[in-house]
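Presented below is the structure to which this report refers.
The values are calculated or read from the model by the stated rules, or taken from the named source; none is laboratory data. No experiment lies behind these values; they were computed from the predicted model shown. FYI the Cβ positions are ideal-geometry reconstructions off the backbone, even for glycines, and counts take in every protein chain you see.
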Amino acid sequence: MRAAWYERQGAAREVLTVGYMPDPAPDRDEVRIHLAASGVNPGDIKKRQDAFGYGMPYARVIPHSDGAGRVDLVGEGVSSQWLGRRVWCYGAQSYRPFGTAAEYTVVPLAQCVPLPDDVSFEQGACLGIPGITAYRCVTVTGSIAGRTVLVQGGAGAVGLCAVQLARRGGAEVIATVGDGSGESLAAAAGAHHVLRRGPALIERVRAIAPAGVDQVVEAAFAANILIDLKLLAVRGSIATYATDAATPTIPFWPLLFKNIRIDFLGSDDFEAADKTVAADALNAALAAGWQGLPIAERFTLDQIAAAHERVEAPASRGRVVVLLEQV
């Protein structure tokens, strides 16, 4: 198969190679997917850059955890009824060396999700990490029906998924964005209120939720913790999946006095059952008419270095996908 890989970490154009590797075969309870599209996530970039200092976990890594295509081979214990199905997958390169930047990928059946017929492979390749992260952020404290949820960064990939899932969960949803294009995206995803970040944000949120918001989905923990503290109701919660500073300072006593709960959520280590429920929720949202995530740019496998560079320095809002053979 044709694939992209790296055998050392560093800049995209210095370490990414496109070439041929043996076709993979599924083990028991696994499926092989003939991929049509591979989604590029910021986490894929950080792994390749060694941003967290973990080094190379494997001698060769095919990047990207998310993808979509058709099942073309099944391992022992998997029904042949899966053959030919349109699917999306997640976690292909989570604790595994070979992800979705290739013609084929192999994943456990539990990480293979039917893709609705009217949803494109490109969209399917964008769902995994952002969608599952968003679902966990929205539901980590339990039901959100009747609660007020503030989504900070409501026009990003995780933010848009969180807005849609919180709306479907029965919450009143407030989304913060940085510009006009973000406003339209967050509104289309289902936000009841879309507010631009700025000096008047606290007053504007308080006008909507005088007693404070019940839950914050947070994309920039270090930058926003003081704002979130002011906006949260007593016994409110923060679910955060990213930060703009690696070692943030937190206002411990004010958080304690308000009995604020903080959940730090990294999708690789969610419980398997939580990932399955999240995938089902995303498919239900798509089946109900949600249009999914905007796609900014498409690249071929030979252009994978440029695709990585685009995620590092976006030219427009939306996801970046690598297109493979149409299946």
Seminar exercise, completed: Out of (1) of a type in the set (S, T, Y); (2) assigned to a loop (DSSP other than H, G, I, E, B); (3) farther than 19 Å from A284 by Cα, the one T176 does not meet is (2)
Seminar exercise, completed: Checked pairs for the range 153-173, first in the same structural domain as V194 (by TED's automatic domain parsing), second charged (D, E, K, R) and part of a helix (DSSP H, G or I), C-beta under 8 Å and 6 or more apart or across chains, list as A155/E183; V173/R167
Exercise. Restricting attention to the range 137-155, which residues are farther than 20 Å from A207 by Cα and buried (at least 24 other Cβ atoms within 10 Å of the Cβ)?
Worked result: C137, V138, A155
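The rows are residues; the columns are (1) surrounded by fewer than 22 Cβ atoms within 10 Å (Cβ to Cβ); (2) over 15 Å from R147 (Cα atoms); (3) among the polar types (S, T, N, Q).
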| site | (1), (2), (3) |
| --- | --- |
| L185 | no, yes, no |
| A188 | yes, yes, no |
| H192 | yes, no, no |
| G198 | yes, yes, no |
| R206 | yes, no, no |
| A209 | yes, no, no |
| V216 | no, no, no |
| A219 | no, yes, no |
| N224 | no, yes, yes |
Problem set entry | Checklist (1) outside any helix (DSSP H, G or I); (2) within 24 Å of S267 (Cα to Cα); (3) not hydrophobic (A, V, I, L, M, F, W, C) applied to G146, failing item | (2)
Seminar exercise, completed: Note on the range 264-287: residues part of a helix (DSSP H, G or I), aliphatic (A, V, I, L, M) and touching a residue at least 60 places away in the same chain (Cβ under 8 Å) are A272, V277, A278, A279, A281, L282, A284, A285, L286, A287
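Going through V321, V311 one at a time, which residue ends up being farther than 20 Å from S184 by Cβ and part of a strand (DSSP E or B)? Spell out the reasoning first.
Details: V311 fails: part of a strand (DSSP E or B).
Answer to the check: V321.
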Exercise. Got at least one residue in the range 235-252 being in contact (Cβ under 8 Å) with a residue 60 or more places away in the chain, in a strand (DSSP E or B) and small (G, A, S)?
Worked result: yes
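Does A92 qualify as being part of a loop (DSSP other than H, G, I, E, B) and closer than 22 Å to G131 by Cα?
Details: part of a loop (DSSP other than H, G, I, E, B): yes; closer than 22 Å to G131 by Cα: yes.
In short, yes.
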Exercise. Do the conditions hold for G170, that is, is it more than 21 Å from the chain's Cα centre (by Cα) and either in a strand (DSSP E or B) or under 22 Å from N41 (Cβ atoms) (or both)?
Worked result: no
Exercise. Wholly within the range 1-84, which strands (runs of 3 or more DSSP E) include no fewer than the required count, namely at least 1 residues that are farther than 27 Å from I295 by Cβ?
Worked result: 17-20, 30-40, 66-74
Exercise. For the range 288-298, what are the residues that are of a type in the set (A, V, I, L, M, F, W, C), outside any loop (DSSP other than H, G, I, E, B) and crowded, with 17+ Cβ neighbours inside 10 Å?
Worked result: I295
Problem set entry | Hits in the range 50-69 (condition: of a type in the set (A, V, I, L, M, F, W, C) and either in contact with a Lys or Arg (Cβ under 6 Å, 6 or more places away or on another chain) or surrounded by 11 or more Cβ atoms within 10 Å (Cβ to Cβ) (or both)) | A51, M56, V61, I62, A68
Problem set entry | Given (1) under 30 Å from G53 (Cβ atoms); (2) of a type outside the set (G, A, S); (3) assigned by TED's automatic domain parsing to the domain that holds Q164, index of the condition H308 fails | (3)
Seminar exercise, completed: Those residues of the range 189-206 which are free of Cβ contacts under 8 Å to residues at least 60 places away in the same chain, touching a Leu at 6+ places or on another chain (Cβ under 8 Å) and either under 20 Å from G169 (Cα atoms) or charged (D, E, K, R) (or both) amount to R204, R206
For this session: Show the residue pairs that are 6+ apart or on different chains and have beta-carbon atoms under 8 Å apart, the first residue being within the range 13-36 and free of Cβ contacts under 8 Å to residues at least 24 places away in the same chain, the second being among the aromatic types (F, W, Y) and assigned to a strand (DSSP E or B).
Result: T17/W5; T17/Y6; G19/W5
